[in-house]
Amino acid sequence: MTDSSAHYGFATRAIHAGQDPDPTTGSVIPPIHATSTYAQDGVGGMRGGYEYSRTGNPTRAALQECLASLEGGRHARAFASGMGATDAALRAMLRPGDHILIPNDAYGGTFRLIDKVLGHWGVEHTPVELSDVDAVRAAVRPNTKVIWIETPTNPLLNIADIAGLSQIAHSAGALLVVDNTFASPYLQSPLGLGADVVMHSTTKYIGGHSDVVGGALITSDDELDAQFGFLQNGAGAVASPFDSWLTLRGIKTLELRMEKHSDNAELVVQALLKHPKVKSVLYPGLPEHPGHELASKQMRRFGGMISFTVHGGEQAALDVCARTKLFTLAESLGGVESLIEHPGKMTHASTEGSLLEVPSDLVRVSVGIEAGDDLVADLVTALG
Ligand SMILES: *Cc1c(COP(=O)(O)O)cnc(C)c1O
C-alpha cells in the first residue's frame, strides 16, 4: 500500500500499510531483517537504498510507513522507546536559550527529561494547565519554540484543545507537539487538527501487548522529518528490527482493541461512580468531566484510561492497588491486560514536591480487554 491508500479505513491501513507481501519470497508478513549492514554492488551501489541498520532497516521502514498512514502524516520515525522519540524531537526543535511549555501533569519521564537533562543545556520550561487556553497564551514568551501537549493527560485525564493550542503555537512562531500515547491514532488524529508533530510511546496501545518498548515521531513537515531522521542516525536511539516487527504485529488489532478498551472502561466507570469508597472519577467520557465536550469533538471514543480518588487518603489508595487480582499492580498502560497503579508513588514519583505533583489518594487503571464484568467485580471487591 502506498500514499494513495489514504482512502482506506483505519483497520485496513493498520493491517496493510507498509506491509505488502515480500516481493522476493511472497512472505505475507514483513520479515525481521536482522542485519546490521547491506551488500553493495560496487562502491555506493546500494540495492534497496539501505547501507547500515542504524541509518535504515526494512522492518523499521515497514513500521514507519504504517505509523505515518495511521496518523495521517507523510512521515514517521520509529525509536527504541517513547523517551528516545521525545529526546530526538526536543533536540531537533530546541536550542540553548529556547523555552518550552509543558503540561502541568505531564508524563513523569517527559518532565524529568526536560527538567533534569535539557535544563542543563539551557532549555527553559514552564508547566501550564493545558485545559486553560488563556493560561497557555499568557505563558508564551518570545523564546517559546515548542508547546508540548498530552491529551488526555496522564494521570489526571485532562483534555487540551489541539486545534486551539496549535493556533496559539503557530501565531507565536512555535511548534505544537502532541503526545498521542493515551488516545492512540484510532481515537484521535492531532495532525488533522493542526499539530506539527505527533509523538507516541508505541510501548502502550500501539504495541498493545506489554511485550515491547518503542516510540515514534510522525509529521507531514519534510524538514522536521529530515531532522528526526538525522537524529535516528546521528544519536542512534532506533527501533530494532525485532521490536519493529513485534510492534507491527500488535498494530493489526489496534481498532478492535481500542473499541473493547473503551467498552470496558465505560463499564468500570459506571461501577466506580456507584461505589461509596470512591471520591471522584476522572474519565473524559463522563458528561460532568470538564473536558467532555472538547473530547467528544476531537476523540472518536474515550479510551481505556481511568483515574479515581478514594476516601481514606494515600493508605486507602495503596490498599486498593494491593488488593486487585485481575488488575496487575504495575507501571505502564495500554496492554490487553488490565493494570493498576498509584501514580504518586510509582509513575509520577519524580514529580514529588514539584508543581506537577499528583494527589496521594489517586489511583490509575489501564482497563484491558478481558471480560468487562470480571474487571468490574475485581475492582469492587478490592475497594471493599
Ligand atoms: C510511557 C509514556 C511515555 C514514554 O514512553 P516509553 O516508551 O516508556 O519510553 C511518554 N508519554 C506517555 C504519555 C507515556 O505513557
The range 5-27: number of residues that are assigned to a loop (DSSP other than H, G, I, E, B) and within 24 Å of the chain's Cα centre (by Cα): 5
Every residue from the range 327-384 that is closer than 19 Å to Asp115 by Cβ and hydroxyl-bearing (Ser, Thr, Tyr): Thr347, Ser350, Thr351, Ser354
Counted residues, the range 161-187 - those being within 24 Å of Gly84 (Cα to Cα) and either within 13 Å of the ligand (Cβ to nearest atom) or open to solvent by 30 Å² or more (accessible area, probe 1.4 Å) (or both): 9
Hey, Glu259 open to solvent by 20 Å² or more (accessible area, probe 1.4 Å) and within 30 Å of Leu63 (Cα to Cα) or not: yes
Enumeration of residues in the range 94-108 that are open to solvent by 10 Å² or more (accessible area, probe 1.4 Å) and within 16 Å of the ligand (Cβ to nearest atom): Asn104, Tyr107
Strands (runs of 3 or more DSSP E) enclosed by the range 54-154 - at least 2 residues per element that are under 23 Å from Gly192 (Cα atoms) and at pLDDT 95 or above: 75-79, 99-103, 144-150
Filter result (assigned to a helix (DSSP H, G or I) and either without any contact (Cβ under 8 Å) to a residue 40 or more places away in the chain or surrounded by fewer than 23 Cβ atoms within 10 Å (Cβ to Cβ) (or both)) within the range 232-253: Asn233, Gly234, Ala235, Pro241, Phe242, Trp245, Leu246, Arg249
Residue, farthest from Leu191 (Cα to Cα), within the range 62-80, restricted to residues that are out of contact with any helix residue (DSSP H, G or I) (no Cβ under 6 Å at 6 or more places or on another chain) and open to solvent by 30 Å² or more (accessible area, probe 1.4 Å): Ala80
The range 28-49, subset under 15 Å from Ala239 (Cβ atoms) and not polar (S, T, N, Q), residue least open to solvent (accessible area, probe 1.4 Å): Pro30
In the range 209-227, the residues that are buried (at least 24 other Cβ atoms within 10 Å of the Cβ) and within 13 Å of the ligand (Cβ to nearest atom): Gly214, Gly215, Ala216, Leu217
Residues satisfying the stated conditions in the range 155-181, i.e. of a type in the set (Gly, Ala, Ser) and not in a loop (DSSP other than H, G, I, E, B): Ala163, Gly164, Ser166, Ala169, Ser171
Answer from Glu331, Glu341 - the residue that is assigned by TED's automatic domain parsing to the domain that holds Leu272, of a type outside the set (Phe, Trp, Tyr) and surrounded by fewer than 20 Cβ atoms within 10 Å (Cβ to Cβ): Glu331
Residue match in the range 109-120 (condition: over 30 Å from His292 (Cα atoms), among the basic types (Lys, Arg) and away from the ligand (no atom under 11 Å from the Cβ)): yes
Residue check for Thr144: open to solvent by less than 30 Å² (accessible area, probe 1.4 Å), away from the ligand (no atom under 14 Å from the Cβ) and either touching a Leu at 6+ places or on another chain (Cβ under 7 Å) or not polar (S, T, N, Q) (or both): yes
Test: residue in the range 188-203 that is more than 27 Å from His33 (Cα to Cα), away from the ligand (no atom under 16 Å from the Cβ), in contact (Cβ under 8 Å) with a residue 40 or more places away in the chain and open to solvent by less than 40 Å² (accessible area, probe 1.4 Å): yes
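The values are calculated or read from the model by the stated rules, or taken from the named source; none is laboratory data. Only a predicted model underlies this, so the values are computations on that prediction, with no experimental measurement involved. When we count neighbours, we look across all protein chains shown, and the Cβ atoms used for this are built from the backbone with ideal geometry, even at glycine. Just so you know, the surface numbers come from the protein's heavy atoms only, side chains and all, with ligands and any DNA or RNA stripped out. Shrake-Rupley method; radii C 1.70, N 1.55, O 1.52, S 1.80 Å.
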